[in-house]
1. Report yes if Ala283 is within 20 Å of Leu185 (Cβ to Cβ) and assigned to a helix (DSSP H, G or I), otherwise no.
2. Return yes or no: is Ala182 out of contact with any Phe, Trp or Tyr (no Cβ under 8 Å at 6 or more places or on another chain) and either acidic (Asp, Glu) or closer than 19 Å to Gln207 by Cα (or both)?
3. Restricting to the stretch 143-156, name every residue that is modelled with pLDDT of 95 or more and either within 18 Å of the chain's Cα centre (by Cα) or not hydrophobic (A, V, I, L, M, F, W, C) (or both).
4. Just checking, how many residues over the stretch 140-160 are over 14 Å from Gly35 (Cα atoms) and open to solvent by 20 Å² or more (accessible area, probe 1.4 Å)?
5. Identify, by number, the condition in (1) under 16 Å from the mean Cα position of the chain (by Cα); (2) open to solvent by 10 Å² or more (accessible area, probe 1.4 Å) that Asp190 doesn't meet.
6. Against the condition in contact (Cβ under 8 Å) with a residue 24 or more places away in the chain, in a helix (DSSP H, G or I) and open to solvent by 70 Å² or more (accessible area, probe 1.4 Å), how does Gln37 come out, does it pass?
7. Kindly indicate whether any position in the stretch 246-257 is surrounded by fewer than 18 Cβ atoms within 10 Å (Cβ to Cβ) and either on the phi > 0 side of the Ramachandran plot or under 24 Å from the mean Cα position of the chain (by Cα) (or both).
8. Looking only at residues that are β-branched (Val, Ile, Thr) and open to solvent by less than 40 Å² (accessible area, probe 1.4 Å) in the stretch 49-105, which one is nearest to Met125 (Cα to Cα)?
Amino acid sequence: MISSNQVFPWQHTLWQGLMQRLHEDRLPHAMLLTGPQGIGKESFAQTFARAVLCEHLSADARPCGACRGCLLNQAGTHPDNHWVGLLEDKKIIGVDQVREISANLNMKAHYSGYKVVVISPAECMNTQAANSLLKTLEEPAPRSLLMLVANNATALPATLRSRCQRITCTLPAQKVAASWLAAQLGPDHDAALLLALASGAPLAALQMAQGGQTSQRLNVLDGMERLLLNQVSPVSLAAIWLKLELKETLYWMHSYIIDMIRLKSAEHPPLLANPDARLRLQALAEQLNLKTFYDQLDKIREASRLAAGQSNAQMLLEDILINWRVPLKIR
Ligand SMILES: [Zn+2]
């Protein structure tokens, strides 16, 4: 989660609509927020929960940050605000977790307002948990608000879905997302490319850039080195890389190539996106010419675009990797 009380630019309309319903006391008992991963649904639900429990909701309809409710929420100890998610090392939300919050919802609120429960990712509830929740939904406690957050709503039982008011969150417009991302990352990142690599989901792109999913970064560098040393064929390497996340692989190839272009073009030692790999990248850069690097960038951009669709990933990777070797053969 990025930070508390955040409403992203692409969520303003949805936010205002829900705020209006809150003020008019027309909130449903249960909502289902659905949409692609990495667009801030969880964060939105959390901020909305805090707003619902704020005792002095400010004029711009953000939690005031100073009242008893807000202070308790900031400390994570508000007794009327519950979050149900995946416990560490677990892949499902179990029935015990749901029973606990159902019992909570049926008790009187500790303070005068709502009782709020957010379940995310809701599609991770197992059948027992979903059935248990269904009972709670059939007899909702007064002034209770249940928010289910799901990337894949169809994985939820239809009976559960039909009891929730569906709120569909879509990918933000590319311009809005790219400008937000650029503001978060600064000028050293290609926000538009990152966004493309993250299939248009700005928070996923941010996470990628900030290194939250960088485990295969050095794998990719190892592979590029082995390819240039003829220790692995393009076809074998493509097959190995297919086991990794394609978008991440392409992202890191792009990042390394940009660094190698910097190393080849700069008169003074340039700043790198991968400063820890400077010596290895320098050695690689010396084996290829600039034109090859620029050609590779074009190919990777194209592959990133295609990777969002149903293209053949093996062929995409082979096409890129085979081209890596051509200059060596010519030399
Ligand atoms: Zn407040």
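The values are calculated or read from the model by the stated rules, or taken from the named source; none is laboratory data. The structure presented is a predicted model; accordingly, all values stated were derived computationally and were not measured. So basically every Cβ, Gly included, is an ideal-geometry build from the backbone, and we count neighbours across all protein chains shown. Accessible surface areas use protein heavy atoms only, side chains included; no ligands, DNA or RNA. Shrake-Rupley method; radii C 1.70, N 1.55, O 1.52, S 1.80 Å.
1. Judged against the criteria, Ala283 is not a match.
2. yes
3. Leu148, Val149, Ala150 - these are the residues of the stretch 143-156 that are modelled with pLDDT of 95 or more and either within 18 Å of the chain's Cα centre (by Cα) or not hydrophobic (A, V, I, L, M, F, W, C) (or both).
4. 6
5. Status for Asp190: all satisfied but (1).
6. In short, no.
7. no
8. Out of the qualifying residues, it is Ile93.
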